[in-house]
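Visitor: Sharing a structure, written as C-alpha cells. Questions coming.
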Amino acid sequence: MEKYVIGLDFGSDSVRAMLVSSKDGRELSTAVAEYPRWKKRLYCDYDNNQFRQHPLDYVECMEEVILGCLAQVGKEIASNVVGISMDTTGSTPVAVNKEGTPLALLPEFQDNPNAMFILWKDHTAVHEAEEINSHSEGFAIDYLKYVGGIYSAEWFWAKMLHIIRIDEQVREQAYTWVEHCDWMPFLLTGGKDVKELKRSVCAAGHKCLWSEEFGGFPPNDFFKSLDPLLDGAADRLPHQVYSSDHPAGKLSTYWAEKLGLSTDVVIGVGAFDCHMGAVGGQIEPYYLSKVIGTSTCDILVAPKEDMKDNTVRGICGQVDGSVIPGMIGLEAGQSSFGDTFAWFKKLLSWPLQWVEDKELAQKIEDNILNELNDAASKLTEHREMALDWLNGRRTPDANQWLKSAVIGLNLSTRPEHIYQALVEAACFGAKAIADRFIEEGIPVRGLIALGGIPKKSPYIMQTMADVSGMTIKVHSSEQTCALGAAMFAATAAGVYDKVEEAMKEMGQGFEREYLPDADKHEYFQKRYQKYQQLGGFIETEMTK
C-alpha cells in the first residue's frame, strides 16, 4: 500500500497542514487555520514589541488542520498515514513545569502573557541580549562563536532571562523552558516528563548556545555569573539533541483517537520553519535558500569537510545537522520583509476605517499592494532611499535597537516612490547577507526563493535578482515548509534512509527563474553603497 505523511508548518499567523504521498510528494490535501487569539491581538503590546501566543492557538488549530486534511481524503488513506513532522517559528520558547506543560495551560496562568510562547519577533529582551554579549567577552572560550558572535534579543536565553526577571510567579513555577518546535512533538507523543523531551539540534544549536564542542551548553558558571536566577537552568535542559530525521516517538493513544489515526504513526523531531522549508525547497550546497514571508530566513548548507574550522561572523548560527544531517547548516535572515509591506499597506489604509461600505473598503485595502507593485515597476528612476530595519536587524550583525529611515522625500514623492524605496531596501538587506557569506569565505552560487512573495510579486523578485546579480529559482510548491516537514516525516518513519532521498523523490521542482540584468546590477551597486552609508549613519548616530 502507498504510504502517506503529514507535514505541519506553524507560522506566525496560522498553521498549515499538507497530506502528501511519500512516494512522489503528490499533494492529496491541505488545510490552514488562523490562530484565533493571535488574530484578535490578545496578549500582545505592539508599542513595546511584545508578541505572545497562547499554546491553545497551536493545539486547537493543529487539530483542526489535521482533521481537515483527513476529511478530504477518506479513511483508507488515513489508515496509511505513517508519519507526522512539523516546523515552527523560532526562537519561540515557553516556560513549562516538570510534566512539560506550558504554564499558560494552567488555570492560574491562562491570561498571563509571560507564561505563553514568546514569538520570534518579540523584542522585549534587548537589554538581556546586550548583557549576554558583554558577559561572553569575559570567558576564555567563545561561547558565541557558532551563533555568529552576537546573541540576539529574538533568541532563547535572552527571552528566558527577561521573563524570569520581571515575573516572579512564572519564575517560581517554571521548571525549565522549551522551544515550540520541541514541544509539539512532545505533546503528540503524550509526553509527561519534560526530561524525556527530545530536543532538536536545530533549536539548540542556532538559538540556545548548544555545541558538541562545548559538550552541550555552556557550563553553569557562564549562566550563574550572568545572573544568579539562571543558576542550574542549563542543567534542566536535555543535553542530547537530535536531527529531524529521528523519531520523537509515536502518536499517543489520546491524539490517535482525536485525529482518527493509528498509534503506529511516527512523530518526527521538530525544527524551525526555514530549515525544513529549505529541505522542501530542495536546497543544494552553496545555494542560499530564502524563505520569504513576514521576515526572511536564509539557509545555506555546506559539506563538513569544506567548513573545517571556519566560522561566519554576524549570522544566526552554523550547526551540524540542523538542515540536512551530515552537513553544516548556516542561518541568516531579515527581521522584516513582508511585514514591511504590510505595515505600509496599513498606513495607506488608515482613511478606509471611515468608509461606510465595508466590503468596498476591504476590496480597496486588499488591492493596495498589487497597485503599488504595478506603479513602482513603471518608475524610470530611483530617488528616495530607505533602510529595511523596521523590526531591527537580524543579520548581518544582530542589532534589534536599530530603526528604519526613509530619505530623499519631497513634495513630489508619491506612495509608489516610497514603496519602491522599501522594496529596494529589502533587496539590499538580502544582498548584505549574501555578501557576508562571501566575505567569510562561503561561496553563494545562486538564490532559491520560497514562500508567498516570490510567487506573487515578480517586481520584488526581479529587483532582488538585479540587486544581487544572481539568478533566483522560485520553487513550485506553495508550502515548502510543510512539504519539508513531510519529507522529514517520511524519513523518520523509515520510508527513506536519508532525507536527501526524500527530497529527490518528493520534490516538486522549480516553476521559474529570475535572471539579473547586468546594467541594472551595475546601477544598483552604486545605490547599495549609499544604502550602506545611510545604514552606517543611523547605526552610529541614531541608535537608541
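The values are calculated or read from the model by the stated rules, or taken from the named source; none is laboratory data. Just so it is clear, the structure is predicted and the values come from calculations on it, not from any experiment. All Cβ positions, even for glycine, are placed from backbone atoms using ideal geometry, and neighbour counts span all protein chains on display. What goes into the accessible areas is simple: the full protein's heavy atoms, side chains included, and nothing from ligands, DNA or RNA. Shrake-Rupley method; radii C 1.70, N 1.55, O 1.52, S 1.80 Å.
Visitor: Give a residue-ordered list of calculated ³J(HN,Hα) values for segment 35-43 (Karplus: 6.51 cos²θ - 1.76 cosθ + 1.60, θ = phi - 60°; whole Hz; x for Gly, Pro).
Guide: 5, x, 6, 4, 4, 7, 6, 6, 6
Visitor: Heavy-atom accessible area per residue, segment 89-142, 1.4 Å probe: how many Å²?
Guide: Value returned for segment 89-142: 37 Å² of accessible area per residue.
Visitor: Right, something else. Obtain the radius of gyration and the Kirkwood radius of segment 1-89 from its C-alpha atoms and give Rg over Rh.
Guide: Reported Rg/Rh (Cα atoms, Kirkwood Rh): 1.09.
Visitor: First select every other residue whose beta carbon is under 14 angstrom from the beta carbon of residue 39; then total the charges, Lys and Arg +1, Asp and Glu -1.
Guide: Charge balance near residue 39 sits at -1.
Visitor: To continue, here is another question. Place a +1 charge on the Cβ of each Lys and Arg in the chain and a -1 charge on the Cβ of each Asp and Glu, then give the dipole magnitude about the Cα centre in debye, rounded to the nearest 20.
Guide: 460 debye
Visitor: Also, quick follow-up: From the cross-link list 3/473; 23/455; 345/403; 250/456, which pairs have alpha carbons spaced over 28 Å apart?
Guide: Too far apart for the 28 Å limit: 3/473; 250/456.
Visitor: I would also like to ask the following. Could you run the Karplus curve 6.51 cos²θ - 1.76 cosθ + 1.60 with θ = phi - 60° over segment 82-89 and give me ³J(HN,Hα) per residue in whole Hz, x for Gly and Pro?
Guide: 10, x, 9, 9, 8, 10, 9, 5
Visitor: Hey, got the dipole for segment 31-84? About the Cα centre, +1 on K and R Cβ, -1 on D and E Cβ, debye to the nearest 20?
Guide: With Lys and Arg at +1 and Asp and Glu at -1, about 80 debye.
Visitor: Let me ask something else. I'd like the distance between the alpha-carbon centres of segment 473-490 and segment 131-149, rounded to an integer number of Å.
Guide: 35 Å
Visitor: Which Cα, out of 330, 135, 352, lies furthest along the positive dipole direction of the chain (beta carbon charges, K/R +1, D/E -1)?
Guide: Highest projection toward the positive end goes to 352.
Visitor: Taking a cut-off of 17 Å between Cα atoms, list the lysines near residue 224, but don't count ones fewer than 8 places away on the same chain.
Guide: Answer for residue 224, where 17 Å is the Cα cut-off: 159, listed by chain and number.
Visitor: Further question: Would you work out the charge dipole size for segment 404-445 about its Cα centre, treating the Cβ of every Lys and Arg as +1 and the Cβ of every Asp and Glu as -1, and quote it to the nearest 20 debye? Intermediate results must be reported in sequence, preceding the final value.
Guide: Details: 4 positive and 5 negative charges, 17 e Å.
With Lys and Arg at +1 and Asp and Glu at -1, about 80 debye.
Visitor: Could you please report the charge total around residue 276, scoring K, R as +1 and D, E as -1 over all other residues with beta-carbon less than 13 angstrom from its beta-carbon?
Guide: Value of the local net charge: -4.
Visitor: Check the cysteines of the chain one by one and keep only those with no other cysteine Cβ under 4.7 Å from their own.
Guide: Isolated Cys, the chain: 44, 61, 69, 181, 202, 208, 316, 427, 481.
Visitor: Hey, any idea what % of the chain's accessible area is carbon plus sulfur with a 1.4 Å probe? Mind dumping the intermediate values first?
Guide: On the way: 10490 of 21720 Å².
With neighbouring chains kept in place, the figure for the chain is 48 percent.
Visitor: Check which residues have an amide H placed less than 5 Å from residue 496's amide H, if you skip close sequence neighbours.
Guide: 491
Visitor: Now for a different question. Between residue 327 and residues 5 or more places away or on another chain, which pairs have amide H atoms under 5 Å apart, with H built 1.01 Å from N, and which residues are they?
Guide: Answer set, sorted by chain and number: 321.
Visitor: At 1.4 Å probe size, with every protein chain present, just tell me what the per residue accessible area of segment 382-427 comes to in Å².
Guide: For segment 382-427, the per-residue accessible area is 35 Å².
Visitor: Could you list which residues have their amide H under 5 Å from that of residue 249, counting only those 5 or more apart in sequence or on another chain, with H placed in the peptide plane?
Guide: 267
Visitor: Do you know the relative contact order of the chain, to the nearest whole percent, from alpha carbon pairs under 8 angstrom that are 6+ apart?
Guide: In percent, rounded to a whole number, it is 16.
Visitor: If you don't mind, there's one more thing I want to ask. What list of ³J(HN,Hα) couplings, whole Hz, do you get for segment 147-163 from phi and the Karplus terms 6.51, -1.76, 1.60, once you set θ to phi - 60° and write x for glycine and proline?
Guide: Using θ = phi - 60°, the values come out as 10, x, x, 9, 8, 9, 5, 7, 10, 3, 5, 5, 5, 4, 4, 4, 5 Hz.
Visitor: Which Cα, out of 314, 272, 518, lies furthest along the positive dipole direction of the chain (beta carbon charges, K/R +1, D/E -1)?
Guide: So the residue we want is 518.
Visitor: Once you have a ≥ b ≥ c as the square roots of the Cα gyration tensor eigenvalues for the chain, tell me rounded if a/c is under 1.5, and otherwise prolate or oblate according to whether a/b is larger than b/c.
Guide: Numbers: a/c = 1.38, a/b = 1.21, b/c = 1.14.
Cα axes put the chain in the rounded bin.
Visitor: Please report the net charge: other residues with Cβ closer than 11 Å to the Cβ of residue 396, K and R +1, D and E -1. Can you show the working numbers first?
Guide: On the way: positive: 313, 393, 394, 431, 436; negative: 298, 397, 435, 439, 440.
Combined, the nearby Lys, Arg, Asp and Glu give 0.
Visitor: Here is a further query. Let me have the relative contact order for segment 459-544, percent, based on Cα pairs under 8 Å that are six or more residues apart.
Guide: That works out to 43 percent.
Visitor: Per residue, how many Å² of accessible area does segment 474-525 show with a 1.4 Å probe?
Guide: Value for segment 474-525: 47 Å² per residue.
Visitor: OK, next. Would you kindly find the accessible area of residue 306, with a 1.4 Å probe and non-protein molecules such as ligands, DNA and RNA excluded, rounding to the nearest 10 Å²?
Guide: Number for this one is 80 Å².
Visitor: Name the residues of segment 1-20 whose amide N is less than 17 Å from a point 7 angstrom out from the Cα of residue 346 along the C-beta direction?
Guide: Output list for this probe position: 12-14.
Visitor: Cβ neighbours within 10 Å, averaged per peptide: list 62-69, 184-191, 214-221 in order, most packed at the top.
Guide: With the highest mean Cβ count within 10 Å placed first, the list reads 184-191, 62-69, 214-221.
Visitor: Could you give the nm distance between label points at residue 40 and residue 173, where each point is 7 Å from its Cα heading toward the beta carbon?
Guide: 2.0 nm
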